[in-house]
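**Q** I'd like to ask you about the structure that follows.
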There are 2 protein chains.
Amino acid sequence: MRAEIIATGTELLSGGVLDTNSLFLSEELLTIGMETLFKTIVGDDEKNIEEALQRAMQRVDVVIITGGIGPTEDDITRKVIAKVLKRRLLLHEDALKTIQAKLAGRDFSVVNDRQALLPAGARILANPVGIAPGFILDEDGTFIAVLPGVPREMEAMFVSGLRPALEERFGGRLFIRRRILRTCGMSESAINQSIQDILKSEAPVVGLTAKETGVDIRIVVTESSAERAQSLMDRTETSVRQKLGDFIFGLDGQEMEEVVGAMLSQRRLKIAIAESCTGGLISARFTNIAGSSEYFEHGVVAYSNQAKIEMLGVPGETLERFGAVSRETALAMAQGLRRTARTDLGLSVTGIAGPGGGSADKPVGLVYIGLDSAQGAKAVEYKFLGNRQQVRLKASQMALDTVRRYLIV
Amino acid sequence: MRAEIIATGTELLSGGVLDTNSLFLSEELLTIGMETLFKTIVGDDEKNIEEALQRAMQRVDVVIITGGIGPTEDDITRKVIAKVLKRRLLLHEDALKTIQAKLAGRDFSVVNDRQALLPAGARILANPVGIAPGFILDEDGTFIAVLPGVPREMEAMFVSGLRPALEERFGGRLFIRRRILRTCGMSESAINQSIQDILKSEAPVVGLTAKETGVDIRIVVTESSAERAQSLMDRTETSVRQKLGDFIFGLDGQEMEEVVGAMLSQRRLKIAIAESCTGGLISARFTNIAGSSEYFEHGVVAYSNQAKIEMLGVPGETLERFGAVSRETALAMAQGLRRTARTDLGLSVTGIAGPGGGSADKPVGLVYIGLDSAQGAKAVEYKFLGNRQQVRLKASQMALDTVRRYLIV
């Protein structure tokens, strides 16, 4: 089944408000076998909503409209739908009673009654957390649903009313599974080359999304039974994993700091972090995870040479001879840190984030990542592309990945 | 002028990724006199992108497409546009040279060349921060622009290439000025009350956007001459500043860390940071600014009590008697830090970011911010609402603001 989501509301076009409803809905629809082909955002404008609805009815089976069903002047969704479907707006007695009951004893205003004016033939969707009811309609085989724009109300109404209605009407035909394999350390074009056969297949649908922190591989499987869907998903994941191996660090929404945190926690290891060019970003990412105090001992942001000497015990001679951005300094930072912190692991990063500070020898983007453990210390050189923020983010991801790779050996 | 934004990318339909590009673009278009009527999101699917583009060309004057211009198999925007406009895809020599120059000396793969295959007649938009070029096309009076999907690249390309091109093509009729006054420490409703007369005016258009880090006040002025626009803008800014005073910390895209960094740099002061619940976030924000090594001495992320004692010299007795989250500990952290770092300022943050760790006495969101200087130490208690990430972000903003307020006195 193909779906389109139409989000209405002028604030979504240029009022600084992000449409998060459509994301929630498309994810939910996928789990009941519906693929969202289009999301359209349109202002509180009669003509444009009309145009969007007509278009959607031509190209999909299920149209979900959010927003515009409140009590105010610019809540025009009900009116537009009635017009497009050539149905009358009728006062829905049950809806009216519910609205009045909800508002009993409150500031009541007659404009709220308007929310019970629904296109003829509409089936009510109760609003568990707000006032305005939603509704569903069947029009020549197109299923149309209308939900509130307030995310909390929309979600509650979807779960309690619309999802069951969709399952009743369309359920049992297609089974969709979705999985994201997250990678670090391999470029988008390298991944593309390595799994191009899989990317070209029609089923499953496999796609790539490049982020600063790595490339995500999305797999979507559509099958006629749950078993077939699961089996194709598992086979596809296995093929991708055979090609990419350890470059895959996590699944779906998992962040690198979660994955590494869970590994440290499970192994009961403690870590300390010494950062120069990343300036606290790695510590901030580690501690963004609830429960990180279990494995995160402390962090030092040693920006100046003085701090590297005093806080981390880097020998002044090392800094003088090799420079603050060098393999030797990265090693000394990790070792000195681990010694004072008395942790299992000491992670260090030193580099040139730019825009200034680069030279022919040591260009912007040059970063050394060091790791000290009971097995000894090592440091690796990287060259990251991008501006200051990108270099810092990429370096933080690679530093976390260095810990991950140490832990999976 | 009427615009439509088409965001392409399967991850935007059901990959858990929010389309933030369209919001940026519609806000920017508004400032050059263009109204966005529709935003359409469509997957990496040839037929559906084709359908969306054809539809958009029928209903608006300017179509902006984001995404799908990278080097991989599912980057099909170039191909679809060529098909819809019935133009050939040609290898654009200048674009190819630029791509190869950017990749020189790095892992180079021939698939990147694909990014220089553009529809005949396309005018290149340079990519200041990434590889793939964007482009613009004129088709029977419809202006079509194609930008990357990566937000940072998209924004840079819009500012450096597309905005000037749009202004050249459509500009000159109206003079629009836009300014954002950024505030910290005042709620949206308090600001709403304080400047309600200004908010209600038809011209200029003034609106509020609440963020975790404070409330932005957007002023948009549209006038028939540049002088009138500038003069109305200046008068409006003055009125807002009279009402809100020091709560305004910056203009337009300025971040708090830039403002505070510039003040420290100008006064030639050095700062050190001791963080507990913010876990490195404040150091990371400070050092995100180029040139921060001038004033940022070092940072300590002292998560454990042990670290607070050893790295910051907080007396064990203080921790025992008042707890790690207390005014006394915040004071001792700031003082101990400033003593060892020998800086002009020592900033400390300790609190409960949640979700665990709260109690009736010390709930999640309780944060103490301490500042030590030659004028002595003080610490202030805050209670922030929200989840772990929100509490951390709000605490980091307030800590930076504490330094700002110290420096403006």
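Only the coordinates and a few stated rules stand behind these numbers; no lab work does. Worth saying up front: this structure is predicted, and the values here are computed from it rather than measured. Positions of Cβ are backbone-derived with ideal geometry, glycine not excepted, and every protein chain shown enters the neighbour counts.
**Q** Over segment A:257-408, what number does the Rg to Rh ratio reach, with both radii from the alpha-carbon atoms and Rh per Kirkwood? Before the final figure, lay out the partial values.
**A** On the way: Rg = 14.2 Å, Rh = 15.0 Å.
Answer for segment A:257-408: 0.95.
**Q** While we're looking at this one, here's another question. Just the ratio, please: alpha-carbon radius of gyration of segment A:1-119 over 2.2 N^0.38 Å, N its number of residues.
**A** On the way: Rg = 15.5 Å, N = 119, 2.2 N^0.38 = 13.5 Å.
The value comes to 1.15.
**Q** Net charge around residue A:262, counting only other residues with Cβ within less than 13 Å of its Cβ (Lys, Arg = +1; Asp, Glu = -1)?
**A** Details: positive: A:267, A:268, A:404; negative: A:255, A:257, A:258, A:294.
Here the count lands on -1.
**Q** Which distances, shortest first and in nm, link residue A:128 to the matching position in the other copies, using label points set 7 Å out along Cα to C-beta?
**A** In nanometres, ordered from closest: 4.8.
**Q** Moving on to the next point. Give the distance, in whole Å, between the Cα centre of segment B:21-58 and the Cα centre of segment B:331-409.
**A** Cα centroid of segment B:21-58 versus Cα centroid of segment B:331-409: 43 Å apart.
**Q** Using only Cα atoms, what is the ratio of the radius of gyration of segment A:133-203 to 2.2 N^0.38 Å?
**A** Working: Rg = 19.4 Å, N = 71, 2.2 N^0.38 = 11.1 Å.
Normalised Rg, Cα atoms only: 1.75.
**Q** Order of A:298, B:92 from fewest to most other C-beta atoms within 10 Å? Walk me through the numbers before you get to the answer.
**A** Numbers: A:298 27, B:92 21.
Going from sparsest to densest Cβ surroundings: B:92, A:298.
**Q** With no solvent and one equal point scatterer per Cα, compute the Debye intensity ratio I(q)/I(0) for segment B:175-251 at 0.12, 0.13, 0.16, 0.21 Å⁻¹ and report its log10, rounded to two decimals.
**A** Debye output, listed in q order: -0.30, -0.35, -0.52, -0.87.
**Q** Now, a different point. Looking at chain A, identify the longest residue range that excludes and avoids all GluC sites (Glu not before Pro) in DSSP loops having at most 15 other Cβ atoms within 10 Å. Could the numbers behind the result be given before it?
**A** Values: sites that count: A:73, A:202.
Longest site-free region, per DSSP loop and neighbour criteria: A:203-409.
**Q** One decimal, nm, shortest first: give the distances between the label point of residue B:386 and those of the same position in the other copies, each label point 7 Å from Cα along Cα→Cβ.
**A** The projected label point of residue B:386 is separated from its counterparts by 2.3 nm.
**Q** Count the net charge of all other residues whose Cβ sits under 12 Å from the Cβ of residue A:87, scoring Lys and Arg as +1 and Asp and Glu as -1. Display every interim value, and only then the final one.
**A** Numbers: positive: A:78, A:79, A:83, A:86, A:88; negative: A:138, A:139.
It works out to a net charge of +3.
**Q** When A:278, B:72, A:66, B:209 are ordered from fewest to most other Cβ atoms inside 10 Å of their Cβ, what list results?
**A** On the way: A:278 33, B:72 24, A:66 30, B:209 16.
Lowest to highest Cβ neighbour count: B:209, B:72, A:66, A:278.
**Q** What are the residues whose amide H is under 5 Å from the amide H of residue B:65, where those residues sit 5 or more places off or on another chain and H is modelled from the backbone?
**A** B:6, B:145, B:146, B:147
**Q** Give the residue from B:215, B:333, B:186 lying farthest towards the positive end of the charge dipole for chain B; charges sit on Cβ (+1 for Lys and Arg, -1 for Asp and Glu) and the dipole is referred to the Cα centre.
**A** Projecting each Cα onto the dipole axis, the largest value belongs to B:333.
**Q** Are there trypsin sites (Lys or Arg not before Pro) in segment B:175-284 that DSSP marks as loop and that have at most 13 other Cβ atoms within 10 Å, and which are they?
**A** Working: sites: B:177, B:178, B:179, B:182, B:200, B:211, B:218, B:228, B:235, B:241, B:243, B:267, B:268, B:270; in loops: B:268, B:270.
Those satisfying the criteria are B:268.
**Q** With the label 7 angstrom out along Cα to Cβ, how close does residue B:87 come to the same site in each of the other copies, in nm, nearest first?
**A** Those label-point separations list as 4.4 nm.
**Q** Report, in whole Å, the centroid distance computed from the Cα atoms of segment B:294-329 and segment A:173-205.
**A** Here the answer is 47 Å between Cα centres.
**Q** Taking 0.36 nm per residue of sequence separation and subtracting the Cα-Cα distance, how much length would be gained by fully extending the chain between residue A:18 and residue A:226, in nm to one decimal?
**A** Values: separation 208, 0.36 × 208 = 74.88 nm, distance 3.40 nm.
Extra length from residue A:18 to residue A:226 when fully extended: 71.5 nm.
**Q** Here's something else I'd like to know. To make sure I understand the rule: partners must be lysines, Cα under 24 Å from the Cα of residue A:308, and not fewer than 8 residues away in the same chain. Which ones qualify?
**A** Straight-line reach from residue A:308, under 24 Å: A:270, A:362, A:378, A:383, A:394, B:270, B:308.
**Q** Give the average over all directions of the projected area of the C-alpha convex hull of the protein assembly as shown, one decimal, in nm². Walk me through the numbers on the way to the answer.
**A** Details: hull surface 145.5 nm².
Over all viewing directions, the protein assembly as shown projects a mean Cα-hull area of 36.4 nm².
**Q** Students often forget the sequence filter, so: which lysines lie under 27 Å Cα-Cα from residue A:200 once same-chain residues fewer than 8 apart are removed?
**A** Those lysines meeting the cut-off are A:39, A:211, A:243, B:47, B:79, B:83, B:86.
**Q** Give me the one-decimal nm value for the distance between modelled label points at residue A:74 and residue B:46, 7 Å along each residue's Cα-to-Cβ direction.
**A** 4.1
**Q** Let me check I've understood the local charge: for residue A:253, count other residues with C-beta under 13 angstrom from its C-beta, Lys and Arg +1, Asp and Glu -1. What total comes out?
**A** Working: positive: A:178, A:179, A:182, A:211, A:218; negative: A:27, A:216, A:252, A:255, A:257, A:258, B:11.
It works out to a net charge of -2.
**Q** Looking at B:76, B:62, B:23, which one has the Cα that reaches farthest to the positive end of the dipole of segment B:1-86 (charges on Cβ: Lys, Arg +1; Asp, Glu -1)?
**A** Positive-most Cα among the choices belongs to B:62.
**Q** Find, among the trypsin sites (Lys or Arg not before Pro) in segment A:106-168, those assigned to loop by DSSP (not H, G, I, E, B) with at most 16 other beta-carbon atoms within 10 angstrom. Numbers along the way, then the final one.
**A** Working: sites: A:106, A:114, A:123, A:152; in loops: A:106.
Counting only loop positions with at most 16 other Cβ atoms within 10 Å, the trypsin sites (Lys or Arg not before Pro) in segment A:106-168 are A:106.
**Q** Subtract the Cα-Cα distance of residue B:190 and residue B:262 from 0.36 nm times their separation in residues, and report this length gain in nm to one decimal.
**A** On the way: separation 72, 0.36 × 72 = 25.92 nm, distance 2.85 nm.
Extra length from residue B:190 to residue B:262 when fully extended: 23.1 nm.
**Q** Let me ask something else. Name the residue from B:379, A:365, B:343 whose Cα lies farthest towards the positive end of the charge dipole of the protein assembly as shown, charges +1 on Cβ of Lys and Arg and -1 on Cβ of Asp and Glu.
**A** After comparing all options, I get B:343.
**Q** If you don't mind, there's one more thing I want to ask. So how strong a dipole does segment B:250-375 carry about its Cα centre when Lys and Arg Cβ are +1 and Asp and Glu Cβ are -1, to the nearest 20 debye? List each step's numbers first, then the result.
**A** Working: 11 positive and 14 negative charges, 54 e Å.
Dipole size: approximately 260 debye.
**Q** Also, I was wondering about something else. Pop a pseudo-label 7 angstrom from the Cα along the beta-carbon direction at both residue A:211 and residue B:165 and give the gap in nm to one decimal.
**A** 2.9
**Q** At residue A:11 and residue B:246, where each label point lies 7 Å from the Cα along Cα→Cβ, what is the point-to-point distance in nanometres?
**A** Going from the residue A:11 label point to the residue B:246 one covers 3.2 nm.
**Q** Still on this structure, please answer the following. What FRET efficiency comes out for residue B:359 versus residue A:378 if R0 is 35 angstrom and r is the Cβ-Cβ distance? Round to the nearest 0.05.
**A** On the way: r = 43 Å, r/R0 = 1.24.
So the FRET efficiency works out to roughly 0.20.
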